[in-house]
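Here the structure comes first, spelled out in structure tokens, and everything after it is commentary.
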Amino acid sequence: MRLMDALPSHQELTEELKCLRRLGFPRLRHCSRDGLRAAAVAAGFCVDADDELEGIEELLGAAVRRLGGGDLRDADDCDPLARAAAHSFGLFAYRRGVPASDRRKAAAGVYGVSTERFRKSQEHEVLDGLASAVLALARSGRPAAPGDVRSGAPGDSRPGAPGGVRSDPRTAVRTLLTGPVPGDARPPGDLRAPGDLRAPGGLRAPGGLRPGPSGRRPAPGGLRPLPAASRPVPGRVTVRLTPIEEIRDIDILVSSENVYLEMSKTFRPTVSGVLRRAAAERSDGEVVDDVLARELAVWLHAHRRTGLAVRPGTVVPTSAGALSRQGVRRVYHAAVATPVDHGSRYHVAPGTVTEAVRQSFELARAERKTLALPLTSICFPLLGAGRGGLPAADAAAHLLGAVREELRRDPSWSVLLVTRRREYAGLLRDANSGP
């Protein structure tokens, strides 16, 4: 048996990381891990066999953050080596149990290459870099984090510290890998675009549509500096005549899906189809990662619902994929349409729209905490009024009624309603003018 305080070689760590990448953290106990255990002990993430599995996972999370220079997000402005490492080992939120092939595909998407090319080239760089970061942490001891008290002082949270309380390492890793960059002051969005019907106090703007500012140059990262008067106002509902896939700087976009959570084809003009197309990652025009459909498939597999219907009104979250470059943080998939007549048409019950809105806000409040995301704005299409067969006036009334009820409970949210059709915008305005 090896000495616990002897550091492993770089080659030993690389071989163990290869095994772990293939099996994943849920099967870590079946991996050869002597080197990783020794490094975790030396870095201060575990003290014995009782907590070695958690310690190794926390060690790799810290190593990935070291590669990325600090906090890490799955965004283009973050270090690609660190992002690929996080995808390879399932360290991003909700990715821990993803199959190895899907993790490798997501990592390859960071570089815009095929999975085979990534396996033969960039994956070696990822493993080598991660092994080096693990060794650096082991040599220097566990790095201090904000609020971390070192050397056994009162309140020290390090393993083995007198009176220390150990937090769940998986929670800490997930929070740091999904949280916003410090100092991120991204405005939720400019709602005064052409087609904005907003007026103080509601949706009924005298004179109808008004043109908004144009020709602004995006700020770095695709985020636009906006005057305070043009930012979404908490507790206010705004309607805009615009394609939902062109929305910028809104935290959450809600997509209308069927109860099997199978997205529309990318060539179809449905909300589901256009968002799927807009969120896909591409290289030379070719889709290399169908992000939304892939993440929905992972959710269905994890919840044992593949090929089975979910309860109408169920809302499932995914990342925003390429839409993140427009300032979108999350896409919520609302299962509102039930196939009938062997799938030739759909049925949407009015109560399903209400339930989908309620669940969207409930999920958003939960993700504020679990993902440490500053979610404040949400965008809905006119759920159920397309192929769902629900009369547009009924869809507008139930959508607005549910939104207004949620804003009464929590007025901190800004809500944007979008539609391509002018008559639908009028229905939304009329619905909002009721008592």
Add +1 for every Lys or Arg and -1 for every Asp or Glu among the other residues with Cβ under 12 Å from the Cβ of GLU116, and state the total. +4
On a C-alpha basis, how far is the centre of the stretch 355-414 from the centre of the stretch 22-90 in Å? Whole number, if you could? 37
Per residue, how big is the convex hull around the C-alpha atoms of the stretch 56-131? Give it to me in cubic angstrom, could you? 80
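Rounded to a whole number, what is D in µm²/s for the stretch 221-432 from Stokes-Einstein with the Kirkwood radius over alpha-carbon pairs (20 °C, 1.002 mPa s)?
For these conditions, the coefficient is 124 µm²/s.
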Given the options LEU416, GLY273, THR354, identify the residue whose Cα lies farthest towards the positive end of the charge dipole of the stretch 221-432 (+1 on Cβ of Lys, Arg; -1 on Cβ of Asp, Glu). LEU416
Report the label-to-label distance for ALA75 and ASP410 in nanometres (one decimal), using points 7 Å from each Cα along the Cα→Cβ vector. 2.1
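Go through 44-50, 15-21 and give me the packing order, highest mean Cβ count within 10 Å leading. Intermediate values should be presented prior to the final figure.
Values: 44-50: 17.0, 15-21: 19.9.
Going by the mean number of other Cβ atoms within 10 Å, highest first, we get 15-21, 44-50.
First measure r as the distance between the Cβ atoms of HIS124 and THR306, then evaluate 1/(1 + (r/R0)^6) with R0 = 25 Å and state the FRET efficiency to the nearest 0.05.
0.15
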Report the full-extension gain for the segment LEU23 to ARG139: residue separation times 0.36 nm, less the Cα-Cα distance, to one decimal in nm. 39.1 nm
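Each value in this text was obtained by applying a stated rule to the coordinates, not by laboratory testing. Computed from a predicted model, the values in this text were never measured in an experiment. Glycine gets a Cβ as well: all are built from the backbone with ideal geometry, and neighbour counts include every protein chain shown.
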